[in-house]
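Asker: A single structure is presented below for examination.
Read-outs: derived from the displayed coordinates by stated rules, not from any lab. Quick caveat, the model's predicted, so the values are computed rather than measured. Cβ atoms come from the backbone with ideal geometry, glycine included; neighbour counts cover every protein chain shown.
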Amino acid sequence: MGLTRREAELVNETIPALRQHGEHISTVFYKSMLRDHPELNHYFNSVNMHTGRQPRALTALILAFASNIVNISELTPKLERVAQKHVSLVIHPEHYEIVAKYLIRAFSAVLGPAMTAEVNAAWTKAYWLMAKMLTGREAIIYKEFGAWTNWRAFTISKKTPETIEGDIVSFNLAPVDGKPLPPYKPGQYVTIRLKIKGLKYCQLRQYSLSDAPRPDSYRITVKRDIGSGEDSKPPSRQFGSLDDGPPISSAASSASDSSIGSVRPHRPGLVSGTLIDDFQVGDAVELTHPSGEFFLDTDDPNTSPVVLISAGAGAGPLYAILKTVSEQGKGRPMSWIQASRHDAPFRERVEKIAQDDPNIRLKFFRSRLADGDVISLTSRFQEDFIGLNWEDLWLHDKMTQYFVCGPEKFMTEIGGHLLKNGIPESRIKYELYSVGSFEMKKN
Ligand SMILES: Cc1cc2nc3c(=O)[nH]c(=O)nc-3n(C[C@H](O)[C@H](O)[C@H](O)COP(=O)(O)OP(=O)(O)OC[C@H]3O[C@@H](n4cnc5c(N)ncnc54)[C@H](O)[C@@H]3O)c2cc1C
Ligand code: HEM
């Protein structure tokens, strides 16, 4: 049952105060939760906690849900992304009990006397409405996964540099149990779990599958994350050392301090750098079942054109789409448009596929944006992209589907250009290689 009118009013009245103190809520909530439940550090990405990106995403979604309670359909895509992420992290209903306790407690800390028993009950109900939507969807996804719903052991069966610079490397991963792997929808990702020497907690990261599905192994393609200059600076305050558990002293410590993760990352590129530098053929990793809402539905009988626009490691999931569609052999028109700062990963493979398939158009161009360069837009990039002709983008076909994956700035530019050309948002899909959902800013 939904909220009564009175409960909805109570929730709505407190939203402005909660929004205003969103950062504080996130900080207090996660710090106290991770202090009392240190085992949850095995689930959360310590870097996203440290930068505050994850807590902000969760609090923002709950507040959006509460303020939008009568029009939930608008949030459906966001909820789907979260549910897919949660199942890939093996989150279960019992975890929601823990989050409920600490989140409502953090709301109380911010609202003070305004958090009456009645308001508390209304918020608790609102939280559970949302939690039930998520756990309901997650239960369905787990069911679809069949027998594989937990961490599964893999070994690296092949390691291939994808660029001359060696900053993008593919890993073929074969299941230790030798049983056939389930197929996935091209575009989806897996979560990898690593134990990194010197760190107390496991590190979890998502990597898109970068090949057409095969029963014997999956392939991921990892780009070394070097962060930006800003990231390398020491944070204002440091929690914990690399090999220590949570030295979090007080849940109610400085509100302005968004450093939450119990492990302060020692360098950007913790997992990508470790995989590329230290992991070799034969080494063990763990994966969860492929998931994610960014994919091409290859069961769809529709064979309208597909335009794949990528930069950097974003080429991985798009290559999976290109290869899968081309293997289907239905003659579906496709455009492969790829920006790269130096060497374009997958270029040779893509050119080989296109040689045998006259329905594929290729465009490669150089761009500083391909590396997530946010210094400025180079005019070269704009010229290149805007110079793409009508046919390259299949603009004349009203059913063309667009898949865009690359750094945020890159996706914003591409999305803006497509929208300007009259493509409706519903035909453009973006994959964000981070926490939170990518949204095109509306002018
Ligand atoms: C759905 C999905 C699919 C993905 N697919 C791929 C893929 O196919 N290939 C791929 O290469 N990546 C992919 N990613 C990204 C990947 O999961 C990792 O986020 C990426 O490899 C970086 O992880 P890391 O441990 O190497 O870097 P981290 O150590 O986690 O650092 C990541 C970033 O955090 C910032 N940062 C780090 N430390 C600090 C600090 N102390 N203070 C402030 N900021 C800091 C920096 O900007 C740095 O660049 C995907 C992500 C998602 C969500
Ligand atoms: C109603 C309750 C919840 C909401 C609204 C919520 C919301 C979110 C959101 C918005 C994200 C970011 C998704 C993305 O775009 O990548 C996320 C990720 C995540 N959530 Fe939840 N969540 C809830 C419950 C839980 C619970 C119960 C747990 C387990 C304790 C959990 C653990 C995680 C983890 C580990 C991530 C990934 C973080 C990362 O990669 O940095 N969440 N959640």
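Asker: Specify, per residue and in Å³, the volume enclosed by the convex hull of the alpha carbon atoms belonging to the chain.
Answerer: That works out to 154 Å³ per residue.
Asker: On alpha carbon coordinates alone, what is the Rg over Rh value for the stretch 124-193, Rh being the Kirkwood radius?
Answerer: 1.13
Asker: With a 10 Å cut-off between alpha carbons and a GNM built on the chain, which of PHE410, PHE29, PHE65 moves the most?
Answerer: PHE65
Asker: Also: What residues qualify as long-range amide H neighbours of ASP283, i.e. H under 5 Å apart, gap of 5 or more or another chain, H built at 1.01 Å from N?
Answerer: ILE156
Asker: Bin width 10 Å, alpha-carbon pairs only: give the P(r) of the stretch 45-123 as whole percents, running from 0 to the bin holding the largest distance.
Answerer: 15, 43, 36, 7
Asker: Could you compute the FRET efficiency for ARG349 and ALA174, with r as their C-beta to C-beta distance and R0 at 25 Å, rounded to 0.05?
Answerer: 0.80
Asker: Could you tell me what a quarter of the Cα convex hull surface of the stretch 5-145 works out to, in nm² with one decimal place?
Answerer: Averaging across all directions leaves 8.4 nm² for the Cα convex hull.
Asker: So, one more: With the cut-off at 28 Å, tell me which of the pairs LYS200/LYS323; LYS78/LYS420; LYS223/LYS330; LYS85/LYS323; LYS363/LYS420; LYS159/LYS179 have Cα atoms farther apart than that.
Answerer: Pairs exceeding the cut-off: LYS200/LYS323; LYS223/LYS330.
Asker: Something else: Using only the Cα atoms of the stretch 1-64, what are the Rg and Dmax in Å?
Answerer: Rg and Dmax of the stretch 1-64, Cα atoms, are 14.1, 40 Å.
Asker: Okay, moving on. Which residues does a label at ASN421 reach in the stretch 290-308, if reach means a backbone N under 18 Å from a point 7 Å past the Cα toward the Cβ?
Answerer: Within reach of a label on ASN421: 304-308.
Asker: Among SER208, SER304, SER217, which one moves the most in a GNM of the chain with springs linking Cα atoms closer than 10 Å?
Answerer: So, out of SER208, SER304, SER217, the one fluctuating most is SER304.
Asker: State the extension gain, in nm to one decimal, for the chain segment bounded by MET440 and ASP300, taking 0.36 nm per residue of separation less the distance between their alpha-carbons.
Answerer: Extra length from MET440 to ASP300 when fully extended: 47.8 nm.
Asker: Using the beta-carbon distance between ALA153 and ALA114 and R0 = 35 Å, what value does 1/(1 + (r/R0)^6) give for FRET efficiency, to the nearest 0.05?
Answerer: The pair ALA153/ALA114 has a calculated efficiency of 0.10.
Asker: Now a separate question. In whole Hz, with x marking every Gly and Pro, tabulate ³J(HN,Hα) for the stretch 82-88 from phi via Karplus 6.51 cos²θ - 1.76 cosθ + 1.60, θ = phi - 60°.
Answerer: So the Karplus estimates, Gly and Pro as x, are 5, 4, 5, 5, 4, 5, 6 Hz.
Asker: Against the longest principal axis of the chain, how steep is helix 22-36, in degrees 0 to 90 to the nearest 10, with axes from Cα atoms?
Answerer: Once rounded, one gets 80 degrees.
Asker: Could I ask something else about it? Return the long-range amide H neighbours of LEU362 (sequence gap of 5 or more, or a different chain), with a cut-off of under 5 Å between placed amide H atoms.
Answerer: TRP336
Asker: Hey, what number do you get for the chain at 222 nm if only DSSP H runs of n ≥ 4 count, each worth -39500 (n - 2.57), divided across all residues, to the nearest 500?
Answerer: -12000 deg cm²/dmol, from helical runs alone.
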